[in-house]
């Protein structure tokens, strides 16, 4: 080597803001999508545009989902099952949810993402009192969430109202509520009888009146979920195993990529068959939800 040739340095390998690990992809259309907000989500709902949601638990997958056009990222307590190997979501702690929410939020910030970020309040973090719910929601909001999600109807309407009054957007969750799986007797379809369907309609209306801005309907008969969707005038429903009559859809990331430690749920479709890559699968999912080809009631619903 010539004495006049400078020795290689780290700067000649990694320059500027580049990083050797976790390089995040640019959005396919970076200027075409404005950051998601509650008014934007309401506008989509009013115009009949389907809302897309996927779970994510780390920075890179969240950024890829955003780049693929997914509007809402849910840091779900499903991480207990797909990341921690638990048999239910009951064992997930608030600290675990804070950690993963922060990871996802960091990834979205690094990629200048536009997605709306929702954090699950885990079992035991909001059941004690409205004040406990506020403390727990504050933890997730300070970690980067734009909205928190909690499960159940009835008594939760008061909690939702308390949080919304204090500036915390809330996503409700009816139907199969995994945090109470033991009380429900397993992962069962909810709302199959007229009595239980009537209760769900009543609870959905109460949650909307309390201020819920979004509502997940999980494992609910397609006819009932469509009825609830029509009943709610300003609270878009997001279905999972609830048919195609909802305002949007959500799937667990690992499920839609064909990776599952147990039995694949009936309502899941393996989008890797369509996309052939993680980002391609996410883009295929977004297209299918938007054009109404997923879910198919005869295949994915009850």
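Over the chain, Cα pairs under 8 Å with separation of 6+ residues give a relative contact order of 16 percent. Based on the Kirkwood radius over alpha-carbon pairs, what is the Stokes-Einstein translational diffusion coefficient of the stretch 235-283 at 10 °C with 1.306 mPa s viscosity, in µm²/s? Rounded, D is 138 µm²/s.
Computed extension gain for residue 109 through residue 277, at 0.36 nm per residue and net of the alpha carbon distance, reaches 58.2 nm. Counting beta carbons within 10 Å around each of 266, 149, 34 and listing the fewest first gives the order 34, 266, 149. Angle of helix 156-165 to the longest C-alpha principal axis of the chain, folded into 0 to 90 degrees and rounded to 10: 50°. Spherically averaged projected area of the convex hull of Cα atoms, the stretch 262-302: 3.2 nm². Hey, if you drop one equal point scatterer on each alpha-carbon of the chain and run the Debye formula without solvent, what base-10 log of I(q)/I(0) do you get at q = 0.09, 0.14 Å⁻¹? Summing over Cα pairs of the chain leads to -0.43, -1.01. Taking the stretch 134-168 and a reference point 7 angstrom along Cα→Cβ of residue 93, the backbone N atoms nearer than 20 Å belong to 134-144.
Taking 0.36 nm per residue of separation and subtracting the Cα-Cα distance, full extension of the segment from residue 223 to residue 195 would add 8.6 nm. Taking label points 7 Å from Cα along the Cα-to-Cβ direction, residue 46 and residue 129 give a separation of 3.9 nm.
Quick one: Debye curve from the C-alpha atoms of the stretch 118-173, no solvent, what's log10 I(q)/I(0) at q = 0.17, 0.22 Å⁻¹? Taken in order of the listed q values, log10 I(q)/I(0) reads -0.41, -0.72. Between 0 and 90 degrees, the angle of helix 278-291 with respect to the longest Cα principal axis of the chain falls at about 40 degrees. Over all Cα atoms in the stretch 133-205, the spread is summed up by Rg and Dmax: 13.8, 41 Å.
Here the average projected area of the convex hull drawn through the C-alpha atoms of the stretch 214-257 stands at 2.8 nm².
Per residue, the average separation of C-alpha pairs within less than 8 Å and at least 6 apart gives the stretch 119-158 a relative contact order of 46 percent.
Dividing the summed -39500 (n - 2.57) terms of all DSSP H runs of n ≥ 4 by the residue count of the chain sets its mean residue ellipticity at 222 nm at -11500 deg cm²/dmol. For the chain, the longest principal axis of the C-alpha atoms and the axis of helix 222-231 are separated by about 90°. From the gyration tensor of the Cα coordinates in the stretch 173-263, what semi-axes in whole Å does the equivalent ellipsoid have, largest first, with each one equal to sqrt(5λ)? For the stretch 173-263, the semi-axes come out at 22, 16, 12 Å.
A Gaussian network model of the chain, with springs between Cα atoms under 10 Å, assigns the largest mean-square fluctuation among 282, 264, 141 to 264.
The C-alpha atoms of the stretch 79-130 occupy a region whose extents along the principal axes are 35, 30, 15 Å, arranged from largest to smallest.
Gain in length, residue 21 to residue 164, computed as 0.36 nm per residue apart minus the alpha-carbon separation, to one decimal in nm?
Full-extension gain reported as 47.6 nm.
For the stretch 216-302, report the translational diffusion coefficient in µm²/s to the nearest whole number, using Stokes-Einstein at 25 °C, 0.890 mPa s, and a Kirkwood Rh over Cα pairs.
Reported coefficient: 188 µm²/s.
For the stretch 87-196, the calculated P(r) over all alpha carbon pairs, in 5 Å bins from 0 to the bin holding the longest distance, is 2, 12, 21, 21, 18, 14, 8, 3, 1, 0 percent.
Bear in mind that the values in this text are calculations on the coordinates, not laboratory data. Keep in mind it's a predicted model, so treat the numbers as computed, not measured. Backbone-built Cβ (ideal geometry, glycine too); neighbour counts: all protein chains shown.
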